[in-house]
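Participant: Okay, handing you the structure first.
The values are calculated or read from the model by the stated rules, or taken from the named source; none is laboratory data. Just so you know, these numbers come straight off a predicted model, no measurement behind them. Using ideal geometry, Cβ is built from the backbone for each residue, glycine included, and neighbour counts are taken over all protein chains shown.
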Amino acid sequence: MEEIEKLPEMERGKALYDAKCVSCHGEDGKLGSSGAKDLSQSTLTDSEIKNSILYGNENGMPPFKDQLGAEENLDLLVAYVKSLRK
Ligand code: HEC
C-alpha cells in the first residue's frame, strides 16, 4: 500500500484496480472470472459502486472495506471503475 500512496492521483486509481480487482474483473473490466460482472456494462451510480466495493455482496464480490487505506482511495477507485465504461 505504501507504494501506491506515493503515486500521483491519476495513476493511483488504476494501481489500486490492478492490485485488487484485475484478477476477477480484468484489465478492461470484462474478464468475468469467478462470475464477476462486466464493469464496462455496469450502470451503477457512484454510491452503488462505493457500496459494492466496501461491502461486497453475496454473489461473490468480496468486501474491500479494510483493504483500501486512505478514504480518498475509494473515490479514485470509483472514478477508475467508471472510466472502464465505453
Ligand atoms: C474474487 C473476485 C472479485 C474481485 C477480486 C473483485 N470483484 Fe467486483 N465483483 C465480483 C463478482 C462475482 C461480482 C458480481 C456480483 C453480482 O453478481 O452481483 C462483482 C461485482 C462488482 C461490481 C458491481 C457491478 C454491477 O454492475 O453490478 C462492482 C462495481 C465491482 N465488482 C467492482 C470491483 C472493484 C472496484 C474491485 C477491486 C477493489 C473488485 N470488484 C474486485 C468479483 C470480484
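Participant: Give just the number: which of (1) within 6 Å of the ligand (Cβ to nearest atom); (2) within 18 Å of SER83 (Cβ to Cβ); (3) in a helix (DSSP H, G or I) does LYS37 not satisfy?
Facilitator: With respect to (1) within 6 Å of the ligand (Cβ to nearest atom); (2) within 18 Å of SER83 (Cβ to Cβ); (3) in a helix (DSSP H, G or I), LYS37 is out only on (3).
Participant: Please go through segment 45-83 and pick out each residue that is assigned to a loop (DSSP other than H, G, I, E, B) and in contact with a helix residue (DSSP H, G or I) (Cβ under 8 Å, 6 or more places away or on another chain).
Facilitator: Within segment 45-83, ASN59, GLY60, MET61, PRO63, PHE64, LYS65, GLN67, LEU68, GLY69, ALA70 meet the criteria.
Participant: Then there's this: Among (1) modelled with pLDDT of 95 or more; (2) closer than 17 Å to GLU9 by Cα, where does LYS30 come up short?
Facilitator: (2) is the only condition that LYS30 fails.
Participant: Go through (1) in a helix (DSSP H, G or I); (2) surrounded by 14 or more Cβ atoms within 10 Å (Cβ to Cβ); (3) without any contact (Cβ under 8 Å) to a residue 40 or more places away in the chain and name the single condition LEU7 misses.
Facilitator: (1)
Participant: Cβ-Cβ under 7 Å, sequence separation 6+ or interchain: first residue in segment 12-34 and within 21 Å of LYS65 (Cβ to Cβ) and part of a helix (DSSP H, G or I), partner more than 7 Å from the ligand (Cβ to nearest atom) and of a type in the set (Phe, Trp, Tyr). Which pairs?
Facilitator: Close Cβ pairs satisfying both conditions: GLY13/TYR80; LYS14/TYR80; TYR17/TYR80.
Participant: Across segment 53-68, what is the number of residues that are more than 10 Å from the ligand (Cβ to nearest atom) and either within 12 Å of the chain's Cα centre (by Cα) or modelled with pLDDT of 95 or more (or both)?
Facilitator: The qualifying residues number 2.
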